[in-house]
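Asks: Before I ask anything, let me first share the structure, which is written out below as structure tokens.
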Amino acid sequence: MLVTLKKIINELGENQAVPAFNVYGYEDAKVILDVASSLRAPAVLMTNRDAVMHMGSRNLCNLLKSISEDYDIPICIHLDHAKSMEEIEEAIKSGYTSVMYDGSSLPINENIENTYRIVQFAKKYNVSVEGEIGSVGYSDPSIKIQGEYTDVEEAKIFYNETGVDILAVAVGTLHRMTGQEAVINYELLNNIEKKLDVPLVIHGSTGVKDHDLTKLSHTSVKKVNIGTAIRMKFGESLKSQFETDEFDRIKLFKKPMKDIEGVILEKYKLLGFKKTFY
Ligand code: G3H
Ligand code: ZN
């Protein structure tokens, strides 16, 4: 059933953080929901700017809503890294149950002002809102977004003035890392936790080491965003079949769907979801 991000987070068990995966279509969404369902775990399906530019948020949302109907676990459809009210409005009106407004590259006052407006708008539709303070940069040099650690005092002001449901912070990760090489600044994370009573989000978590994923799930971090790890596995698996004569996309997609399953299951386990049998 479709639920808000807030509901999923409120219902997490002790020492659990929900993995939120970037999805691009039927194939990855279905495998994520199959894995989540086998664990009786919640799922967060996130669409990023690339996916929205490719398919449009209304089409993506309709597809994800329809697939979700086949599962009886809590599912959140989340718009990731939206940069404008227009994008947010279209997504909410299409049926997303959670949105992220990313004003992290704006001056703090503008970020607060825009995020506050979005929180007020989203409330009317019972949609959760994630904001970002500090900035999680990109390891991909073609994306010119500078990383900047979250400042604790700024985070406090941002949270108090916007009332976001969940807050993305920059504590050492970078988007699109292809290896697990991020160095988490736990001192900063602990200071943020001490000063703010709000669930936190870690972006760029493909780069987070396995033991850090588990360690993070024992903190105020309640949502862990993962994109590149699945895209890489899916792409590599697809490419490995290009020497064959096969041209049928449904047949070509079978192996990548199988191959990403293990990555998704592993991330769930590291974040505190144990395999249950029922
Ligand atoms: O918002 C998306 C996530 O932060 C994913 O980051 O692709 O580096 O795992 P990643
Ligand atoms: Zn992100």
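The values are calculated or read from the model by the stated rules, or taken from the named source; none is laboratory data. Predicted model only: the values in this text are computed from it and were never measured. Methodologically, a virtual Cβ is constructed for each residue, glycine included, from the backbone with ideal geometry; neighbour enumeration extends over all protein chains shown. For the accessible areas, the whole protein counts, side chains as well, though only heavy atoms, and no ligand, DNA or RNA atoms are used. Shrake-Rupley method; radii C 1.70, N 1.55, O 1.52, S 1.80 Å.
Asks: Which FRET efficiency value, to the nearest 0.05, do you get for residue 238 and residue 149 by plugging their Cβ-Cβ distance into 1/(1 + (r/R0)^6) with R0 = 41 Å?
Replies: On the way: r = 36 Å, r/R0 = 0.89.
Computed FRET efficiency for residue 238 and residue 149 comes out at 0.65.
Asks: Taking only DSSP H segments of four or more residues, each worth -39500 (n - 2.57), what value at 222 nm results for the chain once the sum is divided by all its residues, to the nearest 500 deg cm²/dmol?
Replies: Values: 11 runs with 127 residues, N = 278.
Value at 222 nm, helices only: -14000 deg cm²/dmol.
Asks: Still on this model: What number comes out for accessible area per residue over the chain if the probe is 1.4 Å? Units Å², please. Intermediate results must be reported in sequence, preceding the final value.
Replies: Details: 12910 Å² over 278 residues.
Counting only protein heavy atoms, the per-residue value for the chain is 46 Å².
Asks: With everything on Cα atoms, drop me the angle between helix 152-162 and the longest principal axis of the chain, reported from 0 to 90° to the nearest 10.
Replies: Tilt of helix 152-162: around 90 degrees.
Asks: Taking the Cβ of residue 42 as the center, what net charge do the other residues with Cβ under 13 Å away carry, scoring Lys and Arg +1 and Asp and Glu -1? Write down the numbers at each step before the final one.
Replies: Values: positive: 6, 7, 40, 222, 223; negative: 11, 72.
Overall, the nearby charge balance is +3.
Asks: So who's got an amide H within less than 5 Å of the one on residue 128, skipping anything under 5 residues away but keeping other chains? H placed 1.01 Å off N, in plane.
Replies: Distant-sequence amide H within range of residue 128: 5, 6, 98, 99.
Asks: Based on Cβ point charges of +1 for Lys and Arg and -1 for Asp and Glu, what charge dipole magnitude is obtained for the stretch 1-148 about its Cα centre, in debye rounded to the nearest 20?
Replies: Working: 13 positive and 21 negative charges, 75 e Å.
Dipole size: approximately 360 debye.
Asks: Something else: Extending each Cα 7 Å along its Cβ direction at residue 85 and residue 218, get the distance between those two points in nm, one decimal.
Replies: 4.5
Asks: Mind running the shape call on the stretch 1-111? Use the C-alpha gyration tensor, a ≥ b ≥ c as the square roots of the eigenvalues: rounded below 1.5 for a/c, prolate if a/b tops b/c, oblate otherwise. Spell out each step's value before the answer.
Replies: Working: a/c = 2.07, a/b = 1.35, b/c = 1.54.
Cα axes put the stretch 1-111 in the oblate bin.
Asks: What is the angle, in °, between the Cα long axis of helix 85-94 and the longest principal axis of the Cα atoms in the chain? Nearest 10 is fine, range 0 to 90.
Replies: Around 50 degrees separate the two axes.
Asks: Taking the Cβ of residue 273 as the centre, find all other residues whose Cβ is under 15 Å away and add up their charges (Lys, Arg: +1; Asp, Glu: -1).
Replies: +1
Asks: Of all the accessible heavy-atom surface of the stretch 5-270, with the other protein chains kept in place and a 1.4 Å probe, what percent is carbon and sulfur?
Replies: Details: 5920 of 12030 Å².
Summing carbon and sulfur atoms, their accessible area is 49 percent of the total for the stretch 5-270.
Asks: What length, rounded to one decimal in nm, is gained on full extension from residue 66 through to residue 53, with 0.36 nm per residue of separation minus their alpha-carbon distance?
Replies: Working: separation 13, 0.36 × 13 = 4.68 nm, distance 2.03 nm.
Residue separation times 0.36 nm, minus the Cα-Cα distance, leaves 2.7 nm.
Asks: Of 211, 142, 120, which is farthest along the charge dipole of the chain in the positive direction, counting Lys and Arg as +1 and Asp and Glu as -1 at C-beta?
Replies: Sorting the options by dipole projection puts first 211.
Asks: If amide H atoms are built 1.01 Å from N in the plane of the peptide, which residues on other chains or at least 5 residues away come under 5 Å of the amide H of residue 175?
Replies: 137, 138, 139
Asks: A follow-up question, please. Hey, what does the equivalent ellipsoid look like for the chain, semi-axes from the Cα gyration tensor as sqrt of 5 times each eigenvalue, largest first, whole Å?
Replies: Numbers: eigenvalues 160, 86, 73 Å².
Semi-axis lengths for the chain are 28, 21, 19 Å.
Asks: Here's a follow-up. Give, rounded to the nearest 20 debye, the magnitude of the charge dipole that the chain has about its Cα centre when Lys and Arg contribute +1 at Cβ and Asp and Glu contribute -1 at Cβ.
Replies: Dipole size: approximately 600 debye.
Asks: For the stretch 260-271, just list the computed ³J(HN,Hα) in residue order, Karplus coefficients 6.51, -1.76 and 1.60, θ = phi - 60°, integers in Hz, with x standing in for Gly and Pro.
Replies: For the stretch 260-271, the Karplus-derived couplings read 6, 4, x, 5, 5, 4, 4, 5, 4, 5, 4, 9 Hz, x marking Gly and Pro.
Asks: Can you tell me the relative contact order of the chain? Whole percent, Cα pairs under 8 Å, sequence separation 6 or more.
Replies: Numbers: 550 pairs, mean separation 55.7, N = 278.
20 percent.
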